[in-house]
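Notes follow once the structure below has been shown.
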Amino acid sequence: MFLEEAYERCKKICAEYAKTFYLGTRLMTEERQKAIWAIYVWCRRTDDLVDGPNAVYLSSEALDRWEERTEDIFNGRPYDMLDAALTDTVYKFPLDIKPLKDMIEGMRLDTWKSRYANFEELYQYCYCVAGTVGLMSVPVMGIAPESHLSSQSIYDAALSLGIGNQLTNILRDVGEDAQRGRVYLPQDELAQFGLCDDDIFSRKVTDGWREFMKKQIRRARFYFNQAEEGASQLDKASRWPVWSCLIIYRKILDAIEENAYDNLTKRAYVGKAKKLLTLPQAYTRALSMSNLAFQSNLSCEKHITGGQ
């Protein structure tokens, strides 16, 4: 009963603060839903240490204590009810603590770093705060027994999905982040298009800005394309929500384009009706990928057996 209540609290937090994400989890099996909710709540609590309402009152030592507490969770010593849900998830699924520690490191970056010299630096940040989520999720999602890809390839694809998601978040939130004095864009690439921080703070959409944004959107789409094959190799019950996430985040990029690349004064978003319409589309993609995998395996078997 205690664990059921713990998971129910995780569910409510997820439903309240991550409506799109929560919608996707409802497509999973019950055990996987609970595990993903527990992981989401841990990630949210981690983020709140830096960006939450009480973040200004917390010192950097709070992240050190949180890291120690995360180690306790993995060692079967939860501090509170929400921790207990994750401890139970760790018991049921083969989660590795490294992605969680790397996410904490990403939060440390946010306490002192507000500029990124090049994409290599930005990639490392995106890995820490979002790529890690993909790595946390694969053990829960599961890999299809008939998968023709190596486990490493599927983890790489999950990492690419996380990177693509974070790059999209950054492009969607450029204007909001600028109001907080943060610019999560490669400084050297801004300079290539004759841009600097002042152009962002002035909130003027110029031809240079539009060309710069086209390049950033192409990059995000590249990572989504990298994620596709891995999404098709997950356990059958997990493909639908992952494809839903992929399609919805791609639509955010579409919305930026539809706003004529004005993400300085406008926030691109996908309305609820459009999100709901992605569900059958995502289901079709998940199902078609499943059929392709079956046909591929059948073809291989025929080749091995000489067509018998």
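The values are calculated or read from the model by the stated rules, or taken from the named source; none is laboratory data. Please read all numbers here as calculations on a predicted model, not as lab measurements. Heads up, the Cβs are rebuilt from the backbone with ideal geometry, glycines too, and the neighbour counts pull from every protein chain shown. All accessible areas refer to the heavy atoms of the entire protein, side chains included, with ligands and DNA or RNA removed. Shrake-Rupley method; radii C 1.70, N 1.55, O 1.52, S 1.80 Å.
Couple of notes before you dig in:
- Answer from Gln152, Gln124, Gln187 - the residue that is over 17 Å from the mean Cα position of the chain (by Cα), open to solvent by 20 Å² or more (accessible area, probe 1.4 Å) and without any contact (Cβ under 8 Å) to a residue 40 or more places away in the chain: Gln152
- The helices (runs of 4 or more DSSP H) located wholly in the stretch 32-126 that include 2 or more residues which are closer than 16 Å to Gln166 by Cβ and in contact with a Cys (Cβ under 6 Å, 6 or more places away or on another chain) occupy 98-112.
- Flag if Gly194 is of a type outside the set (Lys, Arg), without any contact (Cβ under 8 Å) to a residue 24 or more places away in the chain and part of a loop (DSSP other than H, G, I, E, B): yes
- Every test in (1) outside any helix (DSSP H, G or I); (2) closer than 20 Å to Asn263 by Cβ; (3) open to solvent by 50 Å² or more (accessible area, probe 1.4 Å) is passed by Glu211 save one, and that test is (1).
- The criterion of being of a type outside the set (S, T, N, Q) and either under 23 Å from Thr25 (Cβ atoms) or touching a residue at least 12 places away in the same chain (Cβ under 8 Å) (or both) holds for Arg210.
Yes or no, residue by residue, for (1) hydroxyl-bearing (Ser, Thr, Tyr); (2) modelled with pLDDT of 80 or more:
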| position | (1), (2) |
| --- | --- |
| Arg239 | no, yes |
| Trp243 | no, yes |
| Arg267 | no, yes |
| Thr284 | yes, yes |
| Gln295 | no, no |
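- Ala178 out of contact with any Lys or Arg (no Cβ under 7 Å at 6 or more places or on another chain), under 22 Å from Met28 (Cβ atoms) and either open to solvent by 30 Å² or more (accessible area, probe 1.4 Å) or touching a residue at least 60 places away in the same chain (Cβ under 8 Å) (or both): no
- Qualifying residue in the stretch 103-119 (condition: open to solvent by 60 Å² or more (accessible area, probe 1.4 Å) and closer than 25 Å to Lys34 by Cα): no
- Among the candidates Ala18, Ala55, the residue that is closer than 19 Å to Met107 by Cβ, surrounded by fewer than 16 Cβ atoms within 10 Å (Cβ to Cβ) and among the hydrophobic types (A, V, I, L, M, F, W, C) is uniquely Ala55.
- Test set (1) in a helix (DSSP H, G or I); (2) touching a residue at least 12 places away in the same chain (Cβ under 8 Å); (3) open to solvent by 40 Å² or more (accessible area, probe 1.4 Å) - Leu27 fails condition number: (1)
- Test for Val133: is it touching a residue at least 60 places away in the same chain (Cβ under 8 Å), in a helix (DSSP H, G or I) and either open to solvent by less than 50 Å² (accessible area, probe 1.4 Å) or under 24 Å from Lys12 (Cβ atoms) (or both): yes
- For the criterion of being over 27 Å from Asp51 (Cβ atoms), within 21 Å of the chain's Cα centre (by Cα) and open to solvent by 20 Å² or more (accessible area, probe 1.4 Å), Gln226 passes.
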